1. Which number in (1) of a type in the set (Lys, Arg); (2) within 16 Å of Lys6 (Cβ to Cβ); (3) in contact with a strand residue (DSSP E or B) (Cβ under 8 Å, 6 or more places away or on another chain) marks the one condition that Lys74 misses?
2. Read through the list (1) farther than 30 Å from Glu349 by Cβ; (2) within 16 Å of ligand 1 (Cβ to nearest atom); (3) open to solvent by 30 Å² or more (accessible area, probe 1.4 Å), then give the number of the only condition that Lys138 fails.
3. Within region 263-281, take every residue that is out of contact with any Asp or Glu (no Cβ under 9 Å at 6 or more places or on another chain) and farther than 22 Å from Lys402 by Cα and give me the one that is farthest from ligand 1 (Cβ to nearest atom).
4. Suppose the filter is under 19 Å from Leu28 (Cβ atoms) and open to solvent by 20 Å² or more (accessible area, probe 1.4 Å); does Arg196 pass it?
5. Which residue pairs have Cβ atoms under 7 Å apart, sit 6 or more places apart or on different chains, and have a first residue in region 246-274 that is basic (Lys, Arg) and a second that is open to solvent by 40 Å² or more (accessible area, probe 1.4 Å) and more than 16 Å from ligand 2 (Cβ to nearest atom)?
6. List every residue pair whose Cβ atoms lie under 7 Å apart, where the two residues are 6 or more positions apart in sequence or sit on different chains, the first residue falls within region 166-182 and is without any contact (Cβ under 8 Å) to a residue 40 or more places away in the chain and within 11 Å of ligand 2 (Cβ to nearest atom), and the second residue, located anywhere, is outside any loop (DSSP other than H, G, I, E, B) and aliphatic (A, V, I, L, M).
7. Considering only region 182-192, I want to know if a residue exists there that is aliphatic (A, V, I, L, M) and within 17 Å of Leu263 (Cα to Cα).
8. Could you run through region 410-425 and say how many residues are within 20 Å of Arg383 (Cβ to Cβ) and under 29 Å from the mean Cα position of the chain (by Cα)?
Amino acid sequence: MSEPKKLYIKTYGCQMNVYDSERMSETLGGQGYVETQSPDDADMILLNTCHIREKAAEKVYSELGRFKGLKAEKPDLKIGVAGCVAQAEGEEIMRRQPLVDLVVGPQSYHRLPEMEAKTRTGARALDTDFPEEDKFEKLKNRPKAKRGPTAFLTVQEGCDKFCAFCVVPYTRGAEVSRPADRIIREAQDLVERGVREITLLGQNVNAYHGAGVNGDMTLAGLIWELNKVDGLERIRFTTSHPNDMADDLIEAHGTCEKLMPYLHLPVQSGSDRILKRMNRSHTAESYLRLIERIRAARPDIVMSGDFIVGFPEETEEDFQATMDLVEEVKYGYAYSFKYSTRPGTPAAERPQVDPEAADNRLQRLQALITQHQREIQDAMVGRKVRVLFEKPGRLPGQMVGKSEYLHSVHVSEADVAVGELRDVQITGSGANSLAGALF
Ligand code: SAH
Ligand code: SF4
Ligand code: F3S
């Protein structure tokens, strides 16, 4: 038998890219590739890229430049660009970087085997179509190998919301939901391979409306079906849009035993004037009322969110409204970004905020978020949580896992295996994690 070819994949961006990288690796497995952790001994390098902010996109070109030497040493090395930069700038990548052999958009991964074969003839391959066929069905040939206790599972992809700052509707395409039975089969397969916790993924996951046995199913309907899967212990989902937070989903947070008390619900800004310009179609008030209802259903839920500061025309007063909203919600986690102009999006045409003012606002917002994050984490001390152990810690005998609230918890001298779920008494709170003892 010939030596297997080696594939090095580097993943940028969101969790969906992590899921996609796994699928690409499996697909190329059918072509005789095995994954390697180092680009130096690879026969193929794939960068799975993100286009969400300018910096993310620019990283790709600098990373590609670094492979020049490798390619000179090894002329047979194939270099590919996948993901959202590939979708948005495919032709430009080919022009700007002659090293690149292959460019594949997120909707065309199932065509990788043919594309790879084409590069072996010395030609370059580019595919950024939005094909009609179901790529998930074509990506099915999975090895039955064991895997870690947590996994991502894409249930919905694309977005029809067109927030004025965002490239996702252009790079991922229109919103599409996968049929429920296929998702459930995929979940069962993951569980057989050792997975105990699944995070359902979608750019607008709570807009899920996949075909079920009795017509379209909601995300809550899908979660209830997954709740029946033996051996699956935990269900999470991300990312949600406030406008799609349906009553049955809120209720599931109170009643569905495997659904975890953590919700990522981005609001982006606390100013109605800015929300309107962002095309978010919700107000700060409607968002706050929504959170009240979610907390009524599940009082201990930990909230998480995303914010953009320095959106075009944001004033100090608008920013203050964001700070007020954060103060009211108190997020357990939140991700905040300085607005980044994305060519082709409506906001790119609007008057931009002074970058220094935006930097200053970002710092103030992040300080407030960190303070709340710390308070919520510290309040866990003395409580009993349930931890899914994921891996050994840095110290000998230490094991690390996640609580139901997604806090990292480490336990010393822990006689537990990876994949075990155990009750843990929280004894301390550090910068980014909690310390605990087995119950
Ligand atoms: N689909 C998800 C996430 C989209 S991208 C959602 O709708 O929430 C993740 C986050 O990146 C967004 O929530 C937003 O806060 C941020 N983001 C998107 N476009 C951006 C831009 N042009 N500049 C800065 N941050 C941006
Ligand atoms: Fe982007 Fe808005 Fe769609 Fe989220 S809802 S992916 S921010 S356009
Ligand atoms: Fe980035 Fe594309 Fe995800 S732009 S955030 S990789 S959907």
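1. (3)
2. Exception for Lys138: condition (2).
3. If we take residues in region 263-281 being out of contact with any Asp or Glu (no Cβ under 9 Å at 6 or more places or on another chain) and farther than 22 Å from Lys402 by Cα, then Lys276 is farthest from ligand 1 (Cβ to nearest atom).
4. Taking the combined requirement at face value, the residue does not satisfy it.
5. Qualifying pairs under 7 Å: Lys258/Glu233.
6. Listed pairs, sorted by first residue: Glu175/Ala207.
7. no
8. Number of matching residues: 8.
The values are calculated or read from the model by the stated rules, or taken from the named source; none is laboratory data. Because the structure is a prediction, the values reported are computed rather than measured. Quick reminder, even Gly has a Cβ in these numbers, built from the backbone with ideal geometry, and neighbours come from all protein chains shown. Protein only, heavy atoms only, side chains kept; ligands, DNA and RNA dropped before computing areas. Shrake-Rupley method; radii C 1.70, N 1.55, O 1.52, S 1.80 Å.
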